[in-house]
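A.B. asks: The structure follows.
The values are calculated or read from the model by the stated rules, or taken from the named source; none is laboratory data. What you see is a predicted model; the values in this text were computed from it and never measured. Virtual Cβ from ideal backbone geometry, glycine too; neighbours counted across all protein chains shown.
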Amino acid sequence: MNSYETILAIVVMILIGYVCRRYEFLKPEDTQTLNKIVVYIAIPALIFLAMYHADLSNIRTFGTITLICITMGIISGIIAYFFTHFKGYSAKTRWGVVTASALFNSGFLGYPVVLGVFGATGLVRAVFYDVGSTLLFISFGIFFLIRYGGSYKDIIKKSVLFPPLLAVICGVFANLLHLQLGSVITSTLNYLSGAAIPMIMISLGLSLEFKGIKEYFDVASFVSVLKLIISPMIAMVIVGLVGLSGLDRTVTIVEAGMPSAMLSLVLAVTYKLDVKVTAACIFMSTALSIITITVLILFI
């Protein structure tokens, strides 16, 4: 399939999830079960295989991609902070918007898009970009712990022990040590990784809820423009400055155009930020990203 057909297939799978929710074949609470299977089983299998088979000879470049993600998150977060400060929002609302602006859905949505359009070699770059998102998540978690209090165990469980991150580490070590997995383990991982993409898309469709957007339309629109339009434009400048080219450049820019991360809602709920505004930013940017990512890939 070409890039257009791949994006269209992804949209269809998201719509299947939304239709299942609409007609109650599946319920919104089923999203939690699907997400657990994806996060703890399917995506780690997908990431491990990608890292295991990857050519890591240019790992320094992959590290640059991670740093670009962190840089993009910081820039987006600063822009959102000043916007919310200018608007006079409360601290809880401000930080809810900042986290939604700074964290990318570079894994949950980024992996399927990049894998479908650019293949396994593109996925490796996407994984390293997503490592930056995970580091941003950890940083926000520590910041909110200091600011609002909480348990360090929660941060460790949700970040340091985050299964996809562990899969990156294990996959890289298995690659560098040339470990032989055997046909049974390899086949099992292939089957599990094959379930990741459709389950992610159906889960996203189940998660889409437009009722709460009306109340926070202005700020959700701002975050959507920031994430989907301004962010990839800034990324184009940064990748040019650091000299990335080819697939490294393309995947980095595409990942920089991903919507707000679902993990930002985890932070909002955990630290009692403005959950409604964070959710509105996630849902609007995710819905609009179906259009903007397609355009970005076609014209990048």
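A.B. asks: Does residue 184 satisfy being in a helix (DSSP H, G or I), modelled with pLDDT under 95 and more than 30 Å from residue 11 (Cβ to Cβ)?
C.D. replies: yes
A.B. asks: I've got another one for you. Are any residues in segment 187-216 exposed (fewer than 12 other Cβ atoms within 10 Å of the Cβ) and at pLDDT 85 or above, and if so, which ones?
C.D. replies: 187, 191
A.B. asks: Then there is this: State whether one or more residues within segment 79-86 are of a type in the set (A, V, I, L, M) and over 17 Å from the mean Cα position of the chain (by Cα).
C.D. replies: Scanning segment 79-86 turns up at least one residue that is of a type in the set (A, V, I, L, M) and over 17 Å from the mean Cα position of the chain (by Cα).
A.B. asks: Only one residue in 57, 90 is surrounded by fewer than 16 Cβ atoms within 10 Å (Cβ to Cβ), under 30 Å from residue 177 (Cβ atoms) and either in contact with a helix residue (DSSP H, G or I) (Cβ under 6 Å, 6 or more places away or on another chain) or not β-branched (Val, Ile, Thr) (or both). Which one?
C.D. replies: Only one candidate qualifies: 57.
A.B. asks: Could I ask something else about it? Can you tell me which residue in segment 4-35 is modelled with the lowest pLDDT, limited to those that are of a type in the set (S, T, N, Q) and surrounded by fewer than 16 Cβ atoms within 10 Å (Cβ to Cβ)?
C.D. replies: Looking at residues that are of a type in the set (S, T, N, Q) and surrounded by fewer than 16 Cβ atoms within 10 Å (Cβ to Cβ), I get 32.
A.B. asks: Looking at residue 244, is it crowded, with 21+ Cβ neighbours inside 10 Å, in contact (Cβ under 8 Å) with a residue 24 or more places away in the chain and outside any helix (DSSP H, G or I)?
C.D. replies: Yes, satisfied.
A.B. asks: Which of the following residues is in contact (Cβ under 8 Å) with a residue 40 or more places away in the chain and either under 16 Å from residue 115 (Cα atoms) or basic (Lys, Arg) (or both): 297, 282, 230?
C.D. replies: After ruling out the rest, the residue left standing is 297.
A.B. asks: Pairs needed: first member in segment 163-177, surrounded by 14 or more Cβ atoms within 10 Å (Cβ to Cβ); second member anywhere, aromatic (Phe, Trp, Tyr) and in a helix (DSSP H, G or I); C-beta distance under 7 Å; at least 6 residues apart or different chains.
C.D. replies: 163/40; 167/48; 170/48; 171/48; 171/52; 174/52; 175/52
A.B. asks: Follow-up question, since we're still on this one. Hey, any hits in segment 26-47 for a residue that's out of contact with any Lys or Arg (no Cβ under 9 Å at 6 or more places or on another chain), closer than 29 Å to residue 195 by Cα and not in a helix (DSSP H, G or I)?
C.D. replies: For segment 26-47, residues out of contact with any Lys or Arg (no Cβ under 9 Å at 6 or more places or on another chain), closer than 29 Å to residue 195 by Cα and not in a helix (DSSP H, G or I): present.
A.B. asks: Kindly indicate whether residue 51 is touching a Gly at 6+ places or on another chain (Cβ under 6 Å), crowded, with 18+ Cβ neighbours inside 10 Å, part of a helix (DSSP H, G or I) and touching a residue at least 24 places away in the same chain (Cβ under 8 Å).
C.D. replies: yes
A.B. asks: Looking at segment 71-87, can you tell me whether even one residue there is loosely packed, with under 15 Cβ neighbours inside 10 Å and among the polar types (S, T, N, Q)?
C.D. replies: Within segment 71-87, not a single residue is loosely packed, with under 15 Cβ neighbours inside 10 Å and among the polar types (S, T, N, Q).
A.B. asks: Out of (1) of a type outside the set (D, E, K, R); (2) closer than 18 Å to residue 188 by Cα; (3) at pLDDT below 85; (4) surrounded by 20 or more Cβ atoms within 10 Å (Cβ to Cβ), what's the single condition that is false for residue 46?
C.D. replies: Unmet for residue 46, out of (1) of a type outside the set (D, E, K, R); (2) closer than 18 Å to residue 188 by Cα; (3) at pLDDT below 85; (4) surrounded by 20 or more Cβ atoms within 10 Å (Cβ to Cβ): (3).
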